[in-house]
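The values are calculated or read from the model by the stated rules, or taken from the named source; none is laboratory data. This is a predicted model, so every value here is computed, not measured. Neighbour counts are summed over all protein chains in view; Cβ atoms, including those assigned to glycine, are modelled from backbone coordinates with ideal geometry. All accessible areas refer to the heavy atoms of the entire protein, side chains included, with ligands and DNA or RNA removed. Shrake-Rupley method; radii C 1.70, N 1.55, O 1.52, S 1.80 Å.
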Amino acid sequence: MKLLGIHPSPFTRKVRIVLAEKKIDCDFVIASPQAEGSPVPARNPLGKVPVLVLEDETAVYDSRVIVGFLDNVSPFGRLIPPGNRERIEVRRWEALADGVLDAAVLVRYENQRSKDERSAAWIERQTGKIRAGLDEMERELGDKSFCTGNSYTLADIAVGVCLGYLDFRFPQLGWRDSHPNLVRLETKLAERHSFIDTIPRE
């Protein structure tokens, strides 16, 4: 298998962490959707990364679909619980973290437009989603060691990737000042996920 993606993409990073946690061999191919001659559009009509290309050349895209597939490839270190209630709880956390990331990526893209083209109202609306999502994660986490249950799951990976991206792209947001529960979790997860960041994300 091979994974098409780029280092700065938080969704690519989430898949790379899952691959490592599951001990699944997979070639990482750096491929920007915007680069001339990029293989991404041919594999994903939406032109987004990550894309997982299977041995039979089938392309799997959207990080949530990919990590769900990977968790079933190997029974080692299951990250998504088999029980329906527990599984839904983990995927709900993932959806929340990914939703915050979606809003953050939109803000980044909007800020890359010229000042005359930017919409302050749009940026504020998306930033509001980021703040609301962080507040919900802070409340839900409480004093727990993990996002769900008593062990490390995909929920923790998704939240760790989300918080890491906010630190990376939006340090001015200052989320750490008002979310001590998330700071505690992120500190633990950053150490566990540090092997993914051996290559600069820029």
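Identify the residue in region 75-124 that is over 21 Å from the mean Cα position of the chain (by Cα) and charged (D, E, K, R) and, among all such residues, is most open to solvent (accessible area, probe 1.4 Å).
Among those residues, the one meeting the criterion is Arg85.
Name the one entry in Ser38, Ser9, Ser63 that is over 13 Å from the mean Cα position of the chain (by Cα) and either open to solvent by less than 30 Å² (accessible area, probe 1.4 Å) or not aliphatic (A, V, I, L, M) (or both). Walk me through it before giving the result.
Details: Ser9 fails: over 13 Å from the mean Cα position of the chain (by Cα); Ser63 fails: over 13 Å from the mean Cα position of the chain (by Cα).
Answer to the check: Ser38.
Could we say that Val100 is β-branched (Val, Ile, Thr), at pLDDT 95 or above and farther than 14 Å from Ala155 by Cα here? Spell out the reasoning first.
Details: β-branched (Val, Ile, Thr): yes; at pLDDT 95 or above: yes; farther than 14 Å from Ala155 by Cα: no.
Criteria not met by Val100.
In region 56-97, what count of residues is obtained for those that are of a type in the set (Val, Ile, Thr) and either at pLDDT below 95 or part of a helix (DSSP H, G or I) (or both)?
Counting residues in region 56-97 that are of a type in the set (Val, Ile, Thr) and either at pLDDT below 95 or part of a helix (DSSP H, G or I) (or both) gives 6.
What number of residues within region 12-32 are open to solvent by less than 40 Å² (accessible area, probe 1.4 Å) and not in a helix (DSSP H, G or I)?
4
Taking Gly99 and the conditions (1) under 19 Å from Tyr165 (Cβ atoms); (2) of a type outside the set (D, E, K, R); (3) free of Cβ contacts under 8 Å to residues at least 12 places away in the same chain, which numbered condition does it fall short on, given that it satisfies the others?
Exception for Gly99: condition (3).
I'm trying to understand the selection: among the residues of region 45-61, which are of a type in the set (Asp, Glu) and either touching a residue at least 24 places away in the same chain (Cβ under 8 Å) or in contact with a Pro (Cβ under 7 Å, 6 or more places away or on another chain) (or both)? If you could, list the steps in order and put the result at the bottom.
Filtering region 45-61 down to residues of a type in the set (Asp, Glu) leaves 55-57.
Selection gives Glu55 alone.
Name the residue, out of Asp143, Asp135, that is open to solvent by 30 Å² or more (accessible area, probe 1.4 Å), modelled with pLDDT of 95 or more, closer than 19 Å to Asn181 by Cα and not in a helix (DSSP H, G or I). If you could, list the steps in order and put the result at the bottom.
Values: Asp135 fails: not in a helix (DSSP H, G or I).
Result of the check over Asp143, Asp135: Asp143.
Quick check: anything in region 152-174 open to solvent by 60 Å² or more (accessible area, probe 1.4 Å) and of a type in the set (Gly, Ala, Ser)?
No.
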